[in-house]
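The values are calculated or read from the model by the stated rules, or taken from the named source; none is laboratory data. Remember, predicted model here, so these are calculated numbers, not experimental data. Every residue, glycine as well, gets a Cβ built from its backbone with ideal geometry; the counts of neighbours run over all protein chains shown. Side chains are part of the model used for accessible areas, which takes the heavy atoms of the whole protein and leaves out ligands, DNA and RNA. Shrake-Rupley method; radii C 1.70, N 1.55, O 1.52, S 1.80 Å.
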Amino acid sequence: MAQKTIELIQSDKLYRLDFTLKDADDVAINLTSGTPIFKVQKQTGTALKFSGTMTVGTPLAGMCYYTVQATDLDEYGDYYAEIEITYNDGKIITLSDIVIRVKPHLPRTI
């Protein structure tokens, strides 16, 4: 997955972040029997800010989404994110290079 930057607004919630997962050859990753987990860490931190199971939409096309929860984006700043897929047979594939930029609400005081 090529680096992807997602810009969001602080404290927005209950909407979907949609992804189409592809390998290095630009071929869709088959999510049949796979469980994708969305993991997010603040760039200035050392621990995960949040993680959660993603919903698989169209498995053969690599389509899945994460629904943003109430406290996921309660702090503005830049975050690293990755999607880790664990299959029933134990195989794990991790897609990284996702950057999330959370902007503060208006009026901005910074």
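Of the residues screened, K22 is not one that is more than 16 Å from I92 (Cα to Cα) and either open to solvent by 50 Å² or more (accessible area, probe 1.4 Å) or within 15 Å of the chain's Cα centre (by Cα) (or both).
Residues in segment 26-42 that are modelled with pLDDT of 95 or more, open to solvent by 40 Å² or more (accessible area, probe 1.4 Å) and not in a strand (DSSP E or B): V27, N30, T32, S33.
Within segment 43-61, not a single residue is buried (at least 17 other Cβ atoms within 10 Å of the Cβ), in contact with a strand residue (DSSP E or B) (Cβ under 9 Å, 6 or more places away or on another chain), under 14 Å from I6 (Cα atoms) and in contact (Cβ under 8 Å) with a residue 12 or more places away in the chain.
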